[in-house]
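What follows is calculated from the coordinates using simple rules that are stated; it is not laboratory data. Everything numeric here is computed off the predicted structure, so don't read it as measured data. So basically every Cβ, Gly included, is an ideal-geometry build from the backbone, and we count neighbours across all protein chains shown.
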Amino acid sequence: MTSTIPGFDYRRVTVADGVGLNVAVGGSGSPIVLLHGFPQTHLMWRHVATDLAAQHTVICPDLRGYGASDKPADLDRDVYSKRTMAADIVTLAEALGFERFALSGHDRGALVAIRAGLDHPGRISHLASLDVLPTLDMWEVLHGADAAVAFHLYLMAQPAGLPEQMIAGSADAFFGYFLDAWTRDATAIPADVRAEYLRASREAVPSIVADYRASAGVDIEHDRKDRAAGNRLTMPVTVIQQDWGTALGFDAADLWQNWAVDLDHTTLDAGHFMAEEAPGEITRALRELLAR
């Protein structure tokens, strides 16, 4: 079963009390950290990572609560806040010898990357976000029946207990639904990788739910404070998205302008898992970002 990125070294790095991250490191040169989304692990970057490793040190961790990284109990609302998860990544990079680094995130990982850019602007040289809106905007654009596309956000926003029980009771069907529904090219996620995603997600239901629950609470509070203070991402930012704006009735580029000073916003004709469906285009976009 495919569970590693070919040619990458694996290690475990402690980033907080009782929290170690599983991380793959490959290549040499200026560093870039790649953060995965839901319901995946660092393996989603396997194509992009091996390509970028020709010129860069590429760091691919499993986020806390996902994959082979530790999954601390959700004892308070900060355990899985994007602020806490962003601090994990800054600590990880520092432990690997990098005070400053480029950062790219997809889906949940993009929310962590955005928060890292806002909280630690001196550490993040370049930032890429794949197929999300910042948390506050994400909730604000969901209206009426069209919001049904994001039913999982509402399910996992509920108090602890019921969501975990419902999802654990049919974990493969639940997580597999997103792997199927959000993919245009089914061959982009081969059977062995799909099985690995399902296994990893099945074993992480409480922490995955906690991650999403934080985005319906504490993460919104953090975004609101930044919006009120006029805080913006000051590093070069590349955003690549599907055309969700047309589907849900909003201008994604306009929303992103409120968060980024130096923004390159692109709409890509691919499925949600674009680093696997269109790895060449994503790699090219990241190289262009790093040259800015």
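Data table
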read-out	value
Rg to Rh quotient for the stretch 1-71, alpha carbon positions, Kirkwood Rh	0.96
222 nm mean residue ellipticity, helices alone, for the chain (DSSP H n ≥ 4; -39,500 (n - 2.57); rounded to 500)	-12000 deg cm²/dmol
At q = 0.12, 0.24 Å⁻¹, base-10 log of I(q)/I(0) for the stretch 179-247 (Debye sum, equal scatterers on each alpha carbon)	-0.62, -1.07
Of PRO206, PRO279, PRO190, the one that fluctuates the most in a GNM where the chain has Cα springs shorter than 10 Å	PRO190
Percentage, to the nearest whole number, of Cα pairs in the chain over 35 Å apart	9 percent
Listed residue (ASN258, GLY245, VAL218) projecting farthest to the positive dipole end of the stretch 170-268, Cβ model	VAL218
